[in-house]
1. Measuring from centroid to centroid over Cα atoms, what is the spacing of the range 70-101 and the range 450-466 in Å?
2. For the pairs Lys46/Lys460; Lys354/Lys377; Lys194/Lys354; Lys302/Lys430; Lys211/Lys578; Lys46/Lys226, flag any whose C-alpha to C-alpha distance is greater than 27 Å.
3. When the chain is fully extended, how far beyond the present Cα-Cα distance does Asp371 get from Arg427, taking 0.36 nm per residue of separation?
4. For a label point 7 Å from the Cα of Arg193 along Cα→C-beta, name the residues of the range 217-254 whose backbone N is under 16 Å from it.
5. Using a 1.4 Å probe and counting only protein heavy atoms, arrange Leu576, Leu472, Leu550 so the residue with the most accessible area comes first.
6. For the chain, build the charge dipole from Cβ charges (+1 Lys, Arg; -1 Asp, Glu) around the Cα centre, then report which of Leu394, Asn326, Ser186 sits farthest towards its positive end.
7. Add +1 for every Lys or Arg and -1 for every Asp or Glu among the other residues with Cβ under 10 Å from the Cβ of Glu63, and state the total.
8. Of all beta bridges DSSP finds with both residues in the chain, what is the antiparallel percent, to the nearest 5?
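The values are calculated or read from the model by the stated rules, or taken from the named source; none is laboratory data. As the structure is a computational prediction, the values presented were derived from the model and not from experiment. Neighbour counts run over all protein chains shown; Cβ positions are idealised from the backbone, glycine included. The area values use the complete protein model at the heavy-atom level, side chains included, leaving out ligands, DNA and RNA. Shrake-Rupley method; radii C 1.70, N 1.55, O 1.52, S 1.80 Å.
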Amino acid sequence: MCGIVGYTGRGSAARAVFRGLKALEYRGYDSVGIALMHGGRFALHKRVGRVDCIQDVQEQNGEIGIGHTRWATHGGVTEENAHPHVYQRFAVVHNGIIENYRILKEECLLRGERFSSETDSEVIAHLFEWEYRGDLLSAAQRVCRRLRGSYAIAVLCLDFPSVILCAKKDSPLLVGASVEGQFAASDLSAVARKGVTCYRMENGEFSILDKESVSFFGADGTAIEKTPVSYSLQEQDTELGGYGHYMIKEIDEIPQAVERTIRAFKREIEAVQGLKDVFRIHIVGCGTAYHSGIAAKLFAQKRGCVSTEGYLASEYRYGDQTVDANTLVIAVSQSGETADTVAAAVMAKKRGAKLLAITNVAHSTLTSYADCVLHTKAGCEVAVAATKSYNAQLAVLYSFFDAFSACRERIWKGLPDLCKKTIEASRRVKEWANQMKSAKCAYFIGRRFDYAVAMEGSLKWKEITYLPGDGLAAGELKHGTLALVDESTPVVALITDQAVADKTFNAVHEVIARGAPVYVVTSIPSYANCEGAVDTVLIPQTKEEYMPMLSVIPLQLLAYYAAVALGNDPDKPRNLAKSVTVE
Ligand code: M6R
């Protein structure tokens with residue numbers, strides 16, 4: 001996690017770095033820092049809190065600077081542990097984890113060097129000072145050879161007043177070149193703008209940015225040419241556009257996200273043909289991406305595809321499941337940077353599997369390993385709680401399985417419109433949120449596709465309300481959890497699948513009998529007036545396999561409204577970050 005930024009050019013470095021940090025804030029937001037180089041010295045500004053708490057720094061002079069927004073891994077949330085870390089001639093910002101930092105730090109301490117933080121990152125600044133003999137690139141090569149783990153770094157050196165050196169291994173880093181100045185950042189949204197040519201750095205590469213240009217070098221120090229990445233400025237849009245929070249804006253964008261994704265798939269469908277020759281399919285992902293994989297697994301089974309399973313990437317990467325040349329691994333990730341998902345994908349590739357990446361970020365780490373990439377076209381998702389990306393993941397996964405199974409049926413074009421109608425029908429859950437915000441624990445129940453959605457609903461609930469929640473298969477309640485159900489445990493029941501609706505309804509009666517306030521989400525009119533339930537949302541009806549695309553919406557809205565009612569920031573839940581680049 002963490003976001004790093006660098007700028008050198010003719011404009012104000014403080015403004016450029018601050019702006020970049022704002023774009024990267026989703027990566028971590030417990031502390032923030034900027035180092036500007038001016039008049040032969042560093043001006044260092046570090047604060048505990050979000051990026052906005054450093055906005056006054058924008059008025060500072062300087063045409064070169066680096067910045068960092070932190071999600072703490074090594075060392076508590078303090079100003080000392082915030083980046084940049086300065087040691088003598090060097091200032092460094094780092095995203096990643098230096099796994100051998102203890103040994104390296106020990107060496108530095110033996111030389112009598114003093115550390116001012118508890119982080120793994122500070123050791124990089126010390127190593128630069130030790131390895132530096134007048135040539136920045138050679139020093140960087142020597143330093144990087146000694147680092148184990150993952151890093152994207154931007155480094156300032158007082159001897160080079162207009163130069164930023166960047167290096168990367170297993171953490172994302174992009175560089176932007178323009179007439180006005182040169183940029184470096186952890187992701188495209190922080191560098192992409194009109195007139196900026198962007199490059200994605202690969203593992204082992206170095207770049208040197210100065211006021212006028214950018215140069216790239218391979219691991220051995222030889223200059224290399226790089227091809228710019230293509231990007232659409234529209235897809236990098238991160239404006240709030242009059243909304244109070246990104247999360248509600250992004251829920252409102254679901255219809256367009258689904259529509260764009262279905263349209264884009266049609267252009268990419270050919271790529272699927274080369275992936276068909278397999279005996280089994282494994283879908284891997286974390287959090288919401290895992291949940292979209294679970295719904296897609298059910299969809300694949302419905303379409304009669306080869307054996308398809310859904311796995312948590314963090315388990316899969318260490319699991320004993322059969323993965324070989326007859327396996328297609330579908331790695332699903334909004335960011336394309338999630339450490340466990342990337343590691344699972346790398347493991348699968350090593351064992352000879354074919355790798356299909358489904359991501360929302362075109363030039364991500366995951367895409368660089370994949371045999372085939374299918375893009376969700378959700379547009380930039382800023383809120384930490386994933387919403388529109390889930391719906392877009394379903395759209396691409398379903399389209400894929402239809403094409404894979406040569407099913408005549410194609411994902412229904414009417415879905416975006418049904419999403420829109422579902423959003424409208426679901427606004428009333430604001431009242432549910434007011435009633436549920438004092439719950440001891442909230443349960444979300446359903447069967448089959450509804451169960452897949454119940455898991456996602458409970459994740460949203462926990463993530464931004466900070467209240468306990470659980471997503472359960474309705475049939476499992478009486479095998480344990482029913483013991484916890486009483487007046488203080490609201491139950492949200494999903495009933496959208498006619499074939500098992502009665503069965504779920506039995507579970508609803510069982511929890512009502514134990515005093516639980518029950519809230520129903522259904523697409524079946526005959527369940528709309530469920531006796532004993534507190535309230536019901538009737539959402540549009542479509543085939544049961546498409547229902548997750550709709551039925552998740554009231555649950556996303558419920559979590560959002562409850563978080564706001566509780567005074568939480570739904571966009572930046574405590575302890576979390578959007579891009580989980582550490583294991
Ligand atoms: O970027 P990814 O899709 O790989 O992220 C995976 C999870 O970290 C993510 O879905 C997380 O669970 C969300 N914050 C849930 O809302």
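1. 33 Å
2. Lys46/Lys460; Lys194/Lys354; Lys302/Lys430; Lys211/Lys578; Lys46/Lys226
3. In short, 16.0 nm is gained.
4. Counting backbone N atoms under 16 Å from the label point, the list is 233-240.
5. Leu576, Leu472, Leu550
6. Asn326
7. +2
8. Rounded to the nearest five, the antiparallel share is 60 percent.
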